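Inspection log for the structure reproduced underneath, given as C-alpha cells.
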Amino acid sequence: MADTYPKNTIDDNGVLFLYQKIKGEMPTKTSDLLNDSAYQTAQNVADSIVAALQTLTIPTKVSDLQNDAGYQDQTQVQTAINTAIAGISNLHFDWSHQTLPVTGEENVIYAIPTGDVSDPYEFFVWKPDGQGGGSYIRLDFELDMSGYLQKTDLHFMTNAEIEALLTPSN
C-alpha cells in the first residue's frame, strides 16, 4: 500500500529539499539583513567615541564652569576675612564678672568663672535682637590636650644621671 499524505505536507525528503533551497538565502551576519542601514561595527563605535573625545573640553579652572557665578578667588576671600576682622577690632575679653550682666555689649567675650578646676571659665557673647534686647550665646571651646605631654610625664634628671650621660664609656 502506498504512503498517502494529506495535501500540503512534506515528508523527510521534502524537508531536506526545502532546507537546501533556502539555505543559501538565510542571512548569516548582520550586514546580510535588509534593514541594516543603522547598524554599526565595533570599529564604527570606537571611531565615534574617539571623535567625541577629541571635541570634549574639560574645564581646568573653576572660572571655566558655567555655574561659577558665586565663586570667590583667593584675593576675594582674604579681603572678606580682613573686612570682617576690621569690623571687630575692638573685640576683647571681660574677666570682671562673676555672673553674666543682664544686658551684654557687642564685641565683648564674657569669661564667667565656673568653679571647676579642669574647666575654669565659660565664655559668652551678646547677640542683639535689633529691638533693644538680645541674648547670650555660649561659646563652646573644648581643647583635648590628652595626647600631649603632661607635667607628670616629665622626668627631671639628677646630677648623677647628667654626670653618667657626660662620662665617656670605655
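No lab work stands behind these numbers, since they all come straight from the coordinates. A quick note: this is a predicted structure, and the numbers were derived from the prediction, not measured. FYI the Cβ positions are ideal-geometry reconstructions off the backbone, even for glycines, and counts take in every protein chain you see.
A few points about this structure:
- Set Glu163, Glu122: member being surrounded by 11 or more Cβ atoms within 10 Å (Cβ to Cβ) and charged (D, E, K, R): Glu122
- Within the stretch 96-113, being surrounded by 11 or more Cβ atoms within 10 Å (Cβ to Cβ) and outside any strand (DSSP E or B) holds for His97, Leu100, Pro101, Thr103, Gly104, Glu105, Glu106, Asn107.
- Candidates Thr41, Thr79, filtered to the one that is polar (S, T, N, Q) and over 38 Å from the mean Cα position of the chain (by Cα): Thr41
- One residue from Phe141, Phe124 being in a loop (DSSP other than H, G, I, E, B), under 22 Å from Asn90 (Cβ atoms) and either of a type in the set (D, E, K, R) or in contact with a Phe, Trp or Tyr (Cβ under 9 Å, 6 or more places away or on another chain) (or both): Phe141
- Residues within the stretch 52-80 that are part of a helix (DSSP H, G or I), surrounded by 10 or more Cβ atoms within 10 Å (Cβ to Cβ) and among the hydrophobic types (A, V, I, L, M, F, W, C), tallied: 3
- Filtered residues of the stretch 49-77 (kept if touching a helix residue (DSSP H, G or I) at 6+ places or on another chain (Cβ under 9 Å) and either of a type in the set (Ser, Thr, Tyr) or touching a residue at least 24 places away in the same chain (Cβ under 8 Å) (or both)): Thr57, Tyr71
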